[in-house]
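Shown next, in structure tokens, is the structure this report addresses.
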Number of protein chains: 2
Amino acid sequence: MSGDMSPSEARAQAAAILEREGIALTEQERNTIEIADFGLGELEQTGLEIVVYVNTERVCAKELVLFPHQHCPEHRHPPVDGEPGKEETFRVRSGVVHLHVEGTDDIVLGPGEQYTIPPNTLHSFEAGDDGAIVSEFSTTSRDALDVFTDPRIVR
Amino acid sequence: MSGDMSPSEARAQAAAILEREGIALTEQERNTIEIADFGLGELEQTGLEIVVYVNTERVCAKELVLFPHQHCPEHRHPPVDGEPGKEETFRVRSGVVHLHVEGTDDIVLGPGEQYTIPPNTLHSFEAGDDGAIVSEFSTTSRDALDVFTDPRIVR
């Protein structure tokens, strides 16, 4: 049972975490932090709080906030229009992230550590006890095309 | 006359600035911060201290440290192999950056502010009184192909 938080509560908490960790945002960015609950209605357990810095036809950069033990469910980024799928580097800014990538042993990343996930490769991740902030550097983000393993998920 | 700093002094100063601003690096990253003086031998005035987080065939992400008033000279990123040149987003993490982009009024960026420079567009920038840290999100970086306006420059 969760007493689950609302999107506006999650947005305020994520903004406070980013401020505490010294990551400067504009007011516009603070007010429009994307709250992704993947359609599961259990945001505190399964979800992401996302600041999209830039997403052009070539490059995307985001800051991801994860609450303690918050989990991003398994998915992959398939090829699009003859291009390989999205390539993502996750760089942990604060906290600890447990990363699970198809075909590799589990990976634990602390502050300053990073991992690059190849296109079209299943992956999931969750924060440790204190939550985490992760910078994501990638090719273009097309979230609607992500393929999740759990068929209940709507992105 | 500059009493100019050595690369190892610049590396140590840049690492200290990044640590002070709460940007976590691995020891390997701290020890290999790239010092670019553009062949001019006046690093404190004209140069950059660079941490390359990732540079694949598709995506690049870097942290740039600029000392007070340190300047990156005018250049552009030309097309390569039929692809448009490098596209760069500069996001200021701390300090102030003055950015000069061909065809636009001068731009001043503070913490949390950013600007995307289109491919093949002349630009230069310098830090304000307190120096700056800038996250750069871009397509692949091929520094050796950059075209500088000052013919003395070697990258």
Query raised in the report: Can you name the number of the only condition in (1) under 19 Å from B:V54 (Cβ atoms); (2) open to solvent by less than 10 Å² (accessible area, probe 1.4 Å); (3) part of a strand (DSSP E or B) that A:G85 fails?
Result: (3)
Requested in this report: Sort through B:R152, B:R142 and tell me the only one that's under 24 Å from B:L43 (Cα atoms), of a type in the set (K, R), touching a Leu at 6+ places or on another chain (Cβ under 8 Å) and open to solvent by 60 Å² or more (accessible area, probe 1.4 Å).
Outcome: B:R152
Report summary line: Considering the stretch B:36-56, residues that are open to solvent by 30 Å² or more (accessible area, probe 1.4 Å) and closer than 16 Å to B:S141 by Cβ, and then whichever is nearest to the chain's Cα centre (by Cα), we arrive at B:V52
Query - Where B:P78 falls short, out of the listed (1) in a loop (DSSP other than H, G, I, E, B); (2) open to solvent by 30 Å² or more (accessible area, probe 1.4 Å); (3) over 23 Å from A:L25 (Cα atoms) - result: (2)
Requested in this report: Mind listing whichever residues of the stretch A:25-35 are buried (at least 17 other Cβ atoms within 10 Å of the Cβ) and more than 15 Å from the chain's Cα centre (by Cα)?
Outcome: A:L25, A:E29, A:R30
Report summary line: All conditions in (1) under 23 Å from B:E88 (Cα atoms); (2) touching a residue at least 24 places away in the same chain (Cβ under 8 Å); (3) among the hydrophobic types (A, V, I, L, M, F, W, C); (4) in contact with a Pro (Cβ under 7 Å, 6 or more places away or on another chain) are true of A:I23 except (4)
Report summary line: For the stretch B:91-135 the number of residues that are more than 8 Å from chain A (Cβ to nearest Cβ), within 19 Å of A:E136 (Cα to Cα) and open to solvent by 10 Å² or more (accessible area, probe 1.4 Å) is 1
Query raised in the report: Hey, does the stretch B:26-38 have a residue that's within 11 Å of chain A (Cβ to nearest Cβ), in a loop (DSSP other than H, G, I, E, B) and under 25 Å from A:L109 (Cβ atoms)?
Result: yes
Report task. Would you check if there is a residue in the stretch B:5-16 being within 23 Å of A:S138 (Cα to Cα) and away from chain A (no Cβ under 14 Å)? Result -> no
**Report entry** All positions within the stretch B:76-100 that are in contact with a strand residue (DSSP E or B) (Cβ under 6 Å, 6 or more places away or on another chain) and over 25 Å from B:P111 (Cβ atoms)
**Finding:** B:R76, B:P78
Query - Number of positions in the stretch A:5-21 that are open to solvent by 50 Å² or more (accessible area, probe 1.4 Å) and not in a helix (DSSP H, G or I) - result: 1
Query raised in the report: Residue check: is A:S135 polar (S, T, N, Q), within 19 Å of B:A61 (Cβ to Cβ) and at pLDDT 95 or above?
Result: yes
Query raised in the report: Of everything in the stretch A:136-155 that's within 13 Å of the chain's Cα centre (by Cα) and assigned to a loop (DSSP other than H, G, I, E, B), which residue is farthest from the other protein chains (Cβ to nearest Cβ)?
Result: A:R155
Report task. Identify the residue in the stretch B:65-90 that is in contact with a Leu (Cβ under 9 Å, 6 or more places away or on another chain) and within 14 Å of another protein chain (Cβ to nearest Cβ) and, among all such residues, is modelled with the lowest pLDDT. Result -> B:V80
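The values are calculated or read from the model by the stated rules, or taken from the named source; none is laboratory data. Since we're looking at a predicted model, the values are computed, not measured. So basically every Cβ, Gly included, is an ideal-geometry build from the backbone, and we count neighbours across all protein chains shown. Ligands, DNA and RNA are excluded from the accessible area calculation, which covers all protein heavy atoms including side chains. Shrake-Rupley method; radii C 1.70, N 1.55, O 1.52, S 1.80 Å.
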